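Asker: Just passing along the structure, written as structure tokens.
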Amino acid sequence: MKTLKSNLKPVALALLAVLVIGGVAWYATSHKAVDDKKTAAPKPALTVTVVKPSTASLPLTLTANGNVAAWQEASVSSESNGLRLTEVRVNVGDTVKAGDVLAVFSADTVNADVAQARAALLEAQATAADAVANAARARTLKDSGALSAQQISQYNTAEQTANARIASAQAALATQQLRLKYTKVVAPDSGVISARTATVGAVSAPGTELFRMIRQGRLEWRAEVVAQDLRSIVPGATALVKAANGSETTGKVRMIAPTVDQQTRSALVYVDLPQNAGSKEAPFKAGMFASGKFELGASQALTVPQQSIVVRDGFSFVFRLTPDNHVAQVKVQPGRRAGDRIEVVGGLQADTPVVLRGAGFLNDGDLVHVVAEQPAAAAVAVAVAAAK
């Protein structure tokens, strides 16, 4: 028994030594790995390019909404009384000139009245000729005493009455001729027919509207502008108007309304559209909604490429590059746009480098690797070489 115990003692000591050595080795290895991790360089989150803001001249514009309307509308009405409409020569959308015949009424009754008035005039002229001759003879006998003064006065009165009847007959004939003229409805001005209520066979009363036309085919954009922006708009300013179908045209401010609406606190700005805007093929129609912007000149602005701005949670941000190649998220206020550049109204200095490519994948405080921006041709060559 003593021999067995004496033999196990060296074995136990050997095992203990192995455990101690193994623990020391594990401790040294684990601490070396930790030290290696501490001394290893941090890995960048992304490779990016940077750019500095630049100053550019951007146009000053003022956006507004409004309706397209006719510059002036003309109402073409009937001036005949109790006549039947026999012919309608134009329809909605037709372009007419001043004096063109638009519709024709039946003239049979009027022609008969004209003939009767002309006959009455001939009768009055014949009666007047006899009265003039009698008055002339009476005046020659005035000094002879053959006729009394009363008789001579009666002859003179008959002459004047006959001449008055001639004038009355002439006026009646002119009235009937005017009625005959009114049997043809003519355009009061050049323009485009915008509405038609004339119907063949209808008997219209005087003053009944038959047609409505856009005078000279001119349209205007009536933009609604709030009161505080009115002072920046002057007559003659240029406005770019965009129709609901996407078509655009350029107009000029004709006038600004002298009053402001008490409910909306806005005033109408009248913008003349091109002369052919009201034609049948033109994209603008009276009554349609249109948006637009007034061009008010230009001003200097601090701009950055659109690619460098990141929108998160409804706000705009750029990533500023720090000296230790980390990025800091900076909230900015965007303004006007010009091509692929956006104005930065506030939150950024002119000499601050911001991330250009890769900004959308970064977070605040990320470490980045900065490379130079390659020209477009060089970038294409690099991509082709990489593909091969």
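Asker: Remind me, relative contact order of the stretch 107-181 in percent, using alpha carbon pairs under 8 angstrom and six or more residues apart?
Answerer: 52 percent
Asker: Which one of VAL110, ALA74, ALA64 is farthest out on the positive end of the charge dipole of the stretch 61-157, using unit charges on Cβ (Lys, Arg +1; Asp, Glu -1) and the Cα centre as origin?
Answerer: VAL110
Asker: From the residues GLY251, PHE315, GLY292, which one has its Cα farthest along the dipole of the stretch 246-376 in the positive direction, the dipole being from +1 and -1 charges on Cβ of Lys/Arg and Asp/Glu about the Cα centre?
Answerer: GLY251
Asker: Here is a follow-up. Rounded to the nearest 20 debye, what is the charge dipole size of the stretch 291-380 about its Cα centre when +1 sits on each Lys and Arg Cβ and -1 on each Asp and Glu Cβ?
Answerer: So the dipole magnitude of the stretch 291-380 works out to roughly 280 debye.
Asker: Tell me which residues come under 5 Å, amide H to amide H, from THR208 once H is placed; ignore anything under 5 positions away on its chain.
Answerer: Distant-sequence amide H within range of THR208: SER78.
Asker: Moving to a separate point now. Cross-link list LYS97/LYS181; LYS97/LYS293; LYS52/LYS293; LYS97/LYS184: which exceed 25 angstrom alpha carbon to alpha carbon?
Answerer: With Cα atoms farther than 25 Å apart: LYS97/LYS293; LYS52/LYS293.
Asker: Straight-line reach from LYS252: which aspartates and glutamates have Cα under 19 Å away, leaving out those fewer than 8 places along the same chain?
Answerer: Hits, sequence-local ones excluded: GLU220, GLU224, ASP229, ASP272, GLU295.
Computed from the coordinates by the stated procedures, all read-outs in this text should not be read as laboratory data. Here the structure is a predicted model, which means the values were calculated and not measured. When we count neighbours, we look across all protein chains shown, and the Cβ atoms used for this are built from the backbone with ideal geometry, even at glycine.
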